[in-house]
1. In the range 228-244, is there at least one residue being exposed (fewer than 13 other Cβ atoms within 10 Å of the Cβ) and part of a loop (DSSP other than H, G, I, E, B)?
2. Could you list, in sequence order, all residues of the range 71-104 that are closer than 18 Å to residue 51 by Cβ, surrounded by 13 or more Cβ atoms within 10 Å (Cβ to Cβ) and in contact (Cβ under 8 Å) with a residue 24 or more places away in the chain?
3. Sort through 113, 138 and tell me the only one that's within 30 Å of residue 6 (Cα to Cα), outside the structural domain of residue 33 (by TED's automatic domain parsing) and not hydroxyl-bearing (Ser, Thr, Tyr).
4. Does the range 128-149 contain any residue that is part of a loop (DSSP other than H, G, I, E, B), over 27 Å from residue 235 (Cβ atoms), of a type in the set (Phe, Trp, Tyr) and touching a helix residue (DSSP H, G or I) at 6+ places or on another chain (Cβ under 8 Å)?
5. Where residues in the range 174-223 are at pLDDT 95 or above and of a type in the set (S, T, N, Q), which of them is nearest to residue 321 (Cα to Cα)?
6. Here is a list: 111, 124, 189. Which entry is in a loop (DSSP other than H, G, I, E, B), touching a residue at least 24 places away in the same chain (Cβ under 8 Å) and of a type in the set (A, V, I, L, M, F, W, C)?
7. So if I check each of 124, 102, which one is among the aliphatic types (A, V, I, L, M) and assigned by TED's automatic domain parsing to the domain that holds residue 196?
Amino acid sequence: MPDGIRWVGLDVHARESTVAVFDQATGEVLTRRVVGRPHELLPVLREIPRPARMVYEAGLTGYGLARRARAEGIEVAVCAPGKTDRPASDRVKTDKRDAIRLARLLAAGELVLVTIPSIEREQLRDLVRCREDIRADLMRARHRIGKFLLRREIYYDGPAVAWTLKYRSWLTSVRFADQASRATLADYLHAHDVLIARRGQVEAELAKLALSAPCADTVARLRCLRGIDTLTALGLCAEIGEWERFDHPDQLAAYLGIVPCEHTTGQQRRLGSITKAGSTHARRLLVEASLHYRRGPAVGQALEHRQRGHAPEIINISWKAQRRLNARWRQLKDARHKPGGIVAVAIARELAAYCWEIATLTPHPAPVPPASLPPGDLLTHTTPLPPKQKTTTRRRITNSR
């Protein structure tokens, strides 16, 4: 193979991998099968002449290979498999063909590369997703209990809102005549209580990490928004990572999959449902947070406590978001009679933009007294904030209460 850039596609699996080296100038392709763990590919990658560009698809093997390669000065990128084009007529799939296809697409610039997260962010994201798994398991456990009682024609006569403390106490009082039914309900309740305890332990760990994680400052900022507290802010930061990599909030919305799909031909433009690309967990967090904007703008005790000590610019953005999103909710729901689910997703799209604005904001530094003043005068000397900005903000918050 003559000198030139080598485009390398890697089809990585847990026990064996395939390497394809493509020379765009000559069209020559060399392939090699490597038996072993992903990190055992490194000796093979070292043998490839430079310059070379390498890529593999994100998957269950994680980012360990890319990190190890970069530590040795080998540039290995990771692409998004869901955004890799594959012809509809291509019905033959093998590891060798996949590696060659990746190499050719990399040479053509047709791959969408993903950002390799830091080890700390990946560890935080795993814990956040662990809580999400527990939440899903808890929901299934509650459904099993409810359907079991429904099959036995046992009904709860209390309020319609289930799984309150009163409802849980009522479940303990349910009695069956046969041993099999008693054992079934006891096991279901035990599984439910174990999940509750696990969720509490994980949430306690997340609360600790929120104070020491690299994204702690961003988490504190996002908590200034209505409907976003520690768990939601931490989940968004873990899933999104570096907010600054998005130049515009529209890019963030597209990344999260809360923009409509589009089919346009000629003069006809047709918009469909949201694309649902990206992280399902981050999208659900935003939709749940958007439900808080159904009520009128207000700053309660909890929100005021979370906003304490933050820059006026951040508090102003939070208040602007309340006014805008509540007005938008009333416009879509009351005036245009849109379904509640569609309205919530539309509000989540705009809420993501406010989150991006707060996360990427560089607040103005607080005024500092002149250095020429004697130390005794520092207690009495103050440099006031711009009066209009301060007065307007406090008046809005006071009226909202």
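1. No: the range 228-244 contains no residue that is exposed (fewer than 13 other Cβ atoms within 10 Å of the Cβ) and part of a loop (DSSP other than H, G, I, E, B).
2. 74, 76, 77, 102, 103, 104
3. Criteria check complete, one pass: 113.
4. Looking through the range 128-149, none of the residues is part of a loop (DSSP other than H, G, I, E, B), over 27 Å from residue 235 (Cβ atoms), of a type in the set (Phe, Trp, Tyr) and touching a helix residue (DSSP H, G or I) at 6+ places or on another chain (Cβ under 8 Å).
5. In this case the residue turns out to be 218.
6. Checking each option against the conditions leaves just 111.
7. Just a single option satisfies the conditions, and that option is 124.
Here is a yes/no grid of residues against (1) surrounded by 15 or more Cβ atoms within 10 Å (Cβ to Cβ); (2) among the polar types (S, T, N, Q):
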| site | (1), (2) |
| --- | --- |
| 11 | yes, no |
| 18 | yes, yes |
| 21 | yes, no |
| 31 | yes, yes |
| 48 | yes, no |
| 51 | no, no |
| 55 | yes, no |
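The values are calculated or read from the model by the stated rules, or taken from the named source; none is laboratory data. Owing to the predicted nature of the structure, the values given are computational and were not obtained by experimental measurement. Note that we place each Cβ from the backbone using ideal geometry, even for glycine, and neighbour counts take in every protein chain shown.
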